[in-house]
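Structure record follows, encoded as structure tokens.
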Amino acid sequence: MRPDFLVFGAPLIGEEDIAEVVDTLRSGWLGTGPKVKRFEAAFKAYIGSEHAIAVNSCTAGLHLALDVLGIGPGDEVITTPITFAATANVIVHTGATPIFADIDRQTQNIDPHQVERAITSRTRAIIPVHMAGRPCDMDALMDIARRYHLSVIEDAAHATESWYKGRKIGTIGDITVFSFYVTKNICTGEGGMITTNRADWAEEMRLKSLHGISKDAWKRYSSADFQPYETEFPGYKYNMMDIQAALGIHQLARVTENLKIREHYWDIYNQELAGIPGIIRPNGLVETGSLHARHLYTLLLDTAQLSYTRHEFIQRLHERNIGTGIHFTALHLHKYYRERFNHRPGDFPDAEWVGERTVSLPLSPKLAIADLYDVVEAVRLALHT
Ligand SMILES: *Cc1c(COP(=O)(O)O)cnc(C)c1O
């Protein structure tokens, strides 16, 4: 058994990342400044969007997106129950009502048919999540959005590298938001990025990410002609710092190289875990022109074939020093959503089916091949004891 605990989702931090952070610390400018500008420019070029606004989390970005679209009390926003709490929490923050639509079991992404069934006269927007890095059926979702005059905000927390049928994720929906949380494919500690092609929204979200004041602090204090600021909106404190952007600049530069490693590791898991009773490997196939970001390798436990629970399985992996994750238990059954919106087991059967069975194995370019074999061995032993 491996001697040390294999942390789930450990980020790969390079020497150049560290040097850039140190450079920021020595520069005396730690807040939102030149490195955030550099990171935004590089990210915009990578995605191919008109605008990119760096924020201090994906959650903050999703909130700003709903805010700029004017979504609030009385409105409904449709999203998936197989997501992190933040996706629906931000809908609640605006005063709107989150409406869940069930997933497709194969892709674990929101099912466009279920989205269309959930639309009412109050529906204003759809927030699809590109689960594990696999792009959603954007043609169907954009078609529904056009027909019902809805906005599409993509939660691309898992999908920095993803493409959908020849188009880069981040250029398709009205607004897309990425996450640079520690476990994500690009890591800035905490951080996120909003992309959009609408200049007016970009400008408003940028202002609102820093209190809604009209000149950002960097321009105010570093330019020769001092400008007093003006509060244009009651904004938020969602700006990214240069310390975070220092990491992001170099993480982004390595993202394609790291994806190759993720793809290679994914293939190793797929090979080594083939034909083992009790587990179903993730369906990682995508259509021509699409690309899966290989953010999460999620097994499904075939509980009908097992004599113990998922909890027990995870416990066994932890006893063998293998960290795991659950992405995700169905959100409509979490306490707040259950109680506030009267959700019950059976409301979204496919999300519940996945939510009860899913287990994410460690998948990070920081891992060595030997780590992967430790995971595989632990999975085999957990299943056979
Ligand atoms: C991580 C995650 C978020 C939140 O990202 P933060 O940057 O931590 O705010 C939102 N949605 C999904 C699907 C996530 O996995």
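The values are calculated or read from the model by the stated rules, or taken from the named source; none is laboratory data. This is a predicted model, so every value here is computed, not measured. Every residue, glycine as well, gets a Cβ built from its backbone with ideal geometry; the counts of neighbours run over all protein chains shown. These accessible areas exclude ligands, DNA and RNA; they are computed on the full protein's heavy atoms, side chains included. Shrake-Rupley method; radii C 1.70, N 1.55, O 1.52, S 1.80 Å.
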Straight-line reach check, K35, cutoff 15 Å on alpha carbons, 8 or more apart in-chain or any other chain, hits among aspartates and glutamates -> E16, D17, E20, D23, D216, D242
Diffing the stretch 197-211: the Karplus 3J(HN,Hα) column from phi (6.51, -1.76, 1.60, θ = phi - 60°), in whole Hz with x for Gly and Pro, holds 9, 9, 4, 5, 5, 4, 4, 5, 5, 5, 4, 6, 6, 10, 6
Relative contact order as a percentage, the stretch 73-138, C-alpha pairs under 8 Å and 6+ apart, gives 40
Relative contact order of the chain (C-alpha contacts under 8 Å, at least 6 apart) in percent is 23
If one builds a Gaussian network model of the chain from Cα atoms under 10 Å apart, the most fluctuating residue listed among V36, V182, V55 is V182
With the dipole of the chain defined by +1 on each Lys or Arg Cβ and -1 on each Asp or Glu Cβ, the option from F341, Q271, P112 whose Cα lies farthest towards the positive pole is F341
Sorted by chain and number, the residues with a modelled amide H under 5 Å from that of L6, at a separation of 5 or more or across chains, are I322, G323
For the pair T309 and A253, the simple spin-label estimate (label points 7 Å beyond Cα toward Cβ) gives in nm 4.8
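Would you mind working out the accessible area per residue for the chain, using a 1.4 Å probe, and quoting it in Å²?
Solvent-accessible surface per residue comes out at 42 Å².
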Magnitude of the Cβ-charge dipole (Lys and Arg +1, Asp and Glu -1) of the stretch 15-253 about the Cα centre, nearest 20 debye, reported as 120
Farthest towards the positive end of the dipole of the chain, among A202, L150, G284 and with Cβ unit charges of +1 on Lys and Arg and -1 on Asp and Glu, lies the Cα of A202
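Would you list R380, R38, R294 from the most to the least accessible area, probe 1.4 Å?
R38, R380, R294
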Residue span F5 to D200: 0.36 nm per residue of separation minus Cα-Cα distance leaves a gain in nm of 65.4 nm
Which of T303, T59, T329 fluctuates most in a GNM of the chain (C-alpha springs under 10 Å)? That residue is T303
At the level of C-alpha centres, the distance separating the stretch 147-177 and the stretch 38-99, in angstrom, is 11
Given unit charges at Cβ for Lys, Arg (+) and Asp, Glu (-), the dipole magnitude of the stretch 80-182 about its Cα centre in debye, nearest 20, is 160
With Cα springs under 10 Å, the Gaussian network model of the chain assigns the largest mean-square fluctuation among A246, A54, A145 to A145
Computed, not fitted: 222 nm per-residue ellipticity of the chain from DSSP H runs ≥ 4 (each -39500 (n - 2.57)), nearest 500, equal to -12000 deg cm²/dmol
Between Y148 and E16, the FRET efficiency computed from the C-beta separation at R0 = 41 Å comes out, to the nearest 0.05, as 0.30
In order over the stretch 70-78: 3J(HN,Hα) from phi, Karplus 6.51/-1.76/1.60, θ = phi - 60°, whole Hz, x for each Gly or Pro, gives x, 7, x, x, x, 8, 10, 10, 8
Ignoring ligands and nucleic acids, M241 exposes an accessible area, probe 1.4 Å, in Å² to the nearest 10, of 80
Karplus ³J(HN,Hα) for the stretch 139-156 (6.51 cos²θ - 1.76 cosθ + 1.60, θ = phi - 60°; Hz, whole; x = Gly/Pro) runs 4, 5, 5, 5, 5, 4, 4, 5, 5, 9, 6, 10, 8, 10, 10, 8, 8, 9
Nearest 10, in degrees from 0 to 90: the angle of helix 255-272 to the longest Cα principal axis of the chain is 10
Whole-Å distance linking the alpha carbon centroid of the stretch 101-137 with that of the stretch 1-16 is 33
Using a 1.4 Å probe on heavy atoms of the protein chains only, the accessible area for T231 in Å², nearest 10, reads 90
If amide H atoms are modeled at 1.01 Å from N in the peptide plane, then the residues at a separation of 5 or more from L12, or on another chain, having amide H under 5 Å from its own are K366
Taking only protein heavy atoms and a 1.4 Å probe, the highest-to-lowest accessible-area order of R167, R316, R122, R117 is R117, R122, R167, R316
Relative contact order as a percentage, the stretch 256-383, C-alpha pairs under 8 Å and 6+ apart, gives 33
One quarter of the C-alpha convex hull surface, i.e. the mean projected area of the stretch 241-304 in nm², amounts to 6.6
A 1.4 Å probe over the protein heavy atoms gives the chain a carbon and sulfur accessible-area percentage of 52
Sorted by chain and number, the residues with a modelled amide H under 5 Å from that of L291, at a separation of 5 or more or across chains, are W163, Y164, K165
Checked against the positive end of the charge dipole of the chain (+1 on Cβ of Lys and Arg, -1 on Cβ of Asp and Glu, about the Cα centre), the farthest of T87, T324, L300 is T87
Expected field for Y373, accessible surface area in Å² at 1.4 Å probe radius, rounded to 10, holds 100
